[in-house]
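Scroll down for the structure; my scribbles are underneath it.
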Amino acid sequence: MHTSSVKIAFAVLGASLLAGPAFAQETIKIGVTQPLTGAFAASGNYVAQGARIAEDEINAAGGVLGKKIQLVIEDSKSNPTEAVGTVEKLIVRDKVPAIMGAWSSTLTLAIMPKIQEYKVPLVVETSSSGKITTSGNSYVFRISPTSEMEAVAFKPLVAKLGIKKADFLNTNNDFGIGSAAEYSKMLKANGVAIGVMETMDPKATDFSAQLTRIKASGGDTLFVTTAVEQVTLILKQAKELQLNTRIITTGGSNSPDQLVTQAGDAANGSFHTVFFPPWFPDVVTNPEPAKRYMTEWAKRGHEPGGLTEGFRGYDGIFTIAEAIKIAGKAEPAAITEALWKTKVKGVYGNIEFIKQGPAGSESGQNIPSVYLVKIDGGKVVKSGL
Amino acid sequence: MDQFLQHALNAMILGGTYALLGIGLTLIFGIMRVVNFTHGELYAFGAYMMYMWVMLIGANFMVSIVLAIALGVALGAVIEIVLLRRLRGADIDTTMLVMIGAWIAMQNIEQLAWSGVAKSINSPFPSAPLVMGAISVSWTRLFVFAVAVVLIAATNVLIQRTRLGKAMRATFQDREAAALMGVRIDTVHTATFALGSGLAAAAGALLGPVFVVYPTIGDLASLKAFAIVILGGLGSIPGATIGGFILAFMEELGAGYISSGYRDAMGFLLIILILLFKPTGLFARKERIG
């Protein structure tokens, strides 16, 4: 009795394994590596949800090259070693011709050598560290802005806000350090004095020591670079320590809606750079895809606070799908070639790639829009950028 | 000077919760010889229970703390009875592997149950801080500190003055001899694990409203608790209490005056120094072996 049921189980398993490749030929697979668990889980899941919306939208419109696309989403567990493992699995076992990932700059930098080794193109949807597109990896195509672009876009606001002395508090990884370096460079060039530059562990929850030092420094503006969880805590703890400087968060993973709910009063008066402002969809370059994305997001009951993150996955999948169309076949080399000619009207703006990095092995970089919003009276409002 | 006072006050408040975390872990190790990797998850569990009672059910804040701690005690007892009781007599590596498995499973269950999005818990205390001259502290943190001190004192009374505490101390000194004298080792083990878990859940329930709650908060709590226990000496309650405060002061002053990038390194540097000169930690008690 027992042995026969085990045999049946194996037979079913075997049949489904054999059937697998047959089904697979009907679809074009696209690999996605995101931190679905661990420290960056919230953001990684939003990006994956956005990617799913793009998948369904593309398939509803007939797919790509007459075939449906199929996302294979792997969890990097917010860990660089695991991230490399997901890419290896996607390329070797799932044989995906292109990958989107990997949210955090540290994770993206970790998987880049693998991408190069297997010559499979990577569309980077979130990471902002400059190194990603300047290290000579010709399989990297980034649709998100670099920290430098963000800092340059911020320049006109230095005088407008009357910034005289700035302090920094950033997470101690490629994202935070890169952003603080670019912003401080831009501010110095514009005559702003730099006070203290503080860092924190990406997992830390108590910033009283850093904030006490920042208070003693006496700057008028504090630039904070980290993900939304730590931003929430910093806003709350700054209020507890009566730090009355203007707080500006950079990097675009700051989810102002979530800050309003979770930091409450403490969020009032703070500024945030975002790359998609769902509160004013009319100001974006392409309101049409933005509204389609927002409607579907709401229909699926996803967290509204995730809108500022999910669009990255949405745009990333559309970019890869468009490149496959141009390539005419789902093969890594052809898609890499095609990405240079790809133009997508996305939520990020008009996505197309310029060359960055050492001549001969350039990476692709898109130039998206940057917006600065303010939280005032428990609401997200325009601030003038 | 103002800056120093503020740093010292921050460290004092932080030290209270560090001590609370350390005591629970040191008790379990000292008495049961179990390296409890689920300690951080009990902390996260306490925080999520607080979220559930206060934000979803709408219970009174103080009542919610008591309920969260009670549930932590219950979960600790369940873990002990279901997992650890069967492993009695197994070598320390086997137990350690099982506890690592339990840790990973619990963290993923939290992720599944509550999603990865951080939750915040409203506190009934005024959001404006208590201001004393140039230094300030939030009312919630003061409350957390006060409760932590009360819990630490109560644990000490329990261990030193009650019959159960006496049985625990006897088991710590010599498990076999205690068993021969009629101490119910099973009961002592369940009570110890439940108590240690309850203290971790208490720390989570208290700090949940101060910070935000997400599935991986337990990792950092666990790491700090291990550091404190090693610093203070394995199995020593005064060691864990003082160790908690030392670690907090070291981190706070190190970050404040040397470099915030090395905040966590400061604490561990101190641990290395202390272990160089006192390999058993600051307050490790002599125990009979064999």
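A few remarks follow.
- Dipole magnitude of the protein assembly as shown about its Cα centre (Cβ charges: Lys, Arg +1; Asp, Glu -1), debye to nearest 20: 600 debye
- Chain A, accessible surface, carbon-and-sulfur percent (1.4 angstrom probe): 57 percent
- Legend: mean number of C-beta atoms from other chains within 10 angstrom of residue C-beta atoms, peptide B:115-125, equals 5.
- Relative protection proxy for A:43-51, B:263-271, from highest mean packing down: A:43-51, B:263-271 (other beta-carbon atoms within 10 angstrom).
- Counting DSSP beta bridges with both ends in chain A, the antiparallel % (nearest 5): 30 percent
- Think of each Lys and Arg Cβ as +1 and each Asp and Glu Cβ as -1; about the Cα centre, that makes the dipole of chain A roughly 380 debye.
- Over the stretch A:268-360, all Cα pairs binned in 5 Å intervals from 0 give whole-percent P(r) values of 2, 13, 19, 19, 16, 14, 10, 5, 2, 1, 0, listed from short to long.
- Remark on residue A:198: its backbone amide H falls under 5 Å from those of A:168, A:169, A:170, a criterion applied only to residues 5 or more positions apart or on other chains, H modelled at 1.01 Å from N.
- Shielding by other protein chains, A:299-306, mean Cβ within 10 Å: 1
- Euclidean distance between Cα centres, the stretch B:175-190 to the stretch A:78-106, Å: 52 Å
- Residue A:355 accessible area, 1.4 Å probe, all protein chains in place, Å² to nearest 10: 130 Å²
- Reported to the nearest whole Å, the Cα centre-to-centre distance from the stretch A:118-175 to the stretch B:200-219 is 32.
- Taking the inverse of the mean reciprocal distance over all distinct Cα pairs, the Kirkwood hydrodynamic radius of the protein assembly as shown comes to 26.8 Å.
- Residue B:184 paired with residue B:157, simple spin-label distance in nm, labels 7 Å along Cα-to-beta-carbon: 2.4 nm
- Inter-label distance, nm, simple model (7 Å from Cα along the C-beta direction), residue B:100/residue A:333: 4.3 nm
- Computed 3J(HN,Hα) for the stretch B:152-158, one whole-Hz value per residue from the Karplus formula 6.51 cos²θ - 1.76 cosθ + 1.60 where θ = phi - 60°, is 5, 4, 5, 4, 4, 4, 4, glycine and proline marked x.
- Share antiparallel - DSSP beta bridges, the stretch A:31-124, percent rounded to 5: 10 percent
- The stretch A:148-274 - Debye-derived log10 I(q)/I(0), Cα point model, q = 0.12, 0.13 Å⁻¹: -0.38, -0.45
- Among A:284, A:92, A:120: highest mean-square fluctuation, GNM of chain A, C-alpha pairs under 10 Å: A:92
- Radius ratio Rg over Rh of chain B, counting only Cα atoms, Kirkwood formula for Rh: 0.97
- Centre-to-centre, using Cα atoms only, the stretch A:250-298 and the stretch B:11-90 are separated by 37 Å.
- DSSP beta bridges confined to the protein assembly as shown are antiparallel in about 35 percent of cases.
- Most fluctuating residue given options A:280, A:168, A:271, as computed from a GNM of chain A linking Cα atoms under 10 Å: A:280
- Label point 7 Å beyond Cα of residue A:355 along Cβ direction - residues of the stretch A:306-346 with amide nitrogen under 15 Å: A:337-341
- 10 Å Cβ neighbours from other chains, averaged over peptide B:251-260: 5
- In terms of packing, defined here as the mean over residues of other Cβ atoms within 10 angstrom, the peptides A:337-344, B:70-77, A:65-72, B:82-89 line up highest first as B:70-77, A:337-344, A:65-72, B:82-89.
- Protein heavy-atom accessible area occluded, B/A pair - total, 1.4 Å probe, Å²: 2900 Å²
- Computed FRET value (nearest 0.05) for residue B:86 with residue B:122, which takes r as the C-beta separation and R₀ as 45 Å: 0.65
- Taken per residue, the accessible surface of the stretch B:14-218 reaches 40 Å², heavy atoms only and a 1.4 Å probe.
- Angle in degrees between helix A:287-299 and the longest Cα principal axis of chain A, rounded to the nearest 10: 80 degrees
- Working from Cα pairs under 8 Å separated by at least six residues, relative contact order for the stretch B:14-218 is 47 percent.
- Between helix A:208-217 and chain A: long-axis angle, C-alpha atoms, 0 to 90°, nearest 10: 40 degrees
- Per-residue ellipticity at 222 nm computed for the protein assembly as shown from its helices equals -18500 deg cm²/dmol, with DSSP H segments shorter than 4 residues left out and the rest contributing -39,500 (n - 2.57).
- Close amide-amide hydrogen proximity is noted between residue A:330 and no other residue 5 or more places distant or on a separate chain, at a cut-off under 5 Å (H modeled in the peptide plane; Pro and chain starts excluded).
- Helix B:39-51 axis, angle to chain B major axis (alpha carbon atoms, nearest 10°): 50 degrees
The values are calculated or read from the model by the stated rules, or taken from the named source; none is laboratory data. Note that the structure is predicted; figures quoted are calculated from it, not measured. Every residue, glycine as well, gets a Cβ built from its backbone with ideal geometry; the counts of neighbours run over all protein chains shown. Ligands, DNA and RNA are stripped out before the accessible areas are found, and what is left, the full protein with its side chains, is counted by its heavy atoms. Shrake-Rupley method; radii C 1.70, N 1.55, O 1.52, S 1.80 Å.
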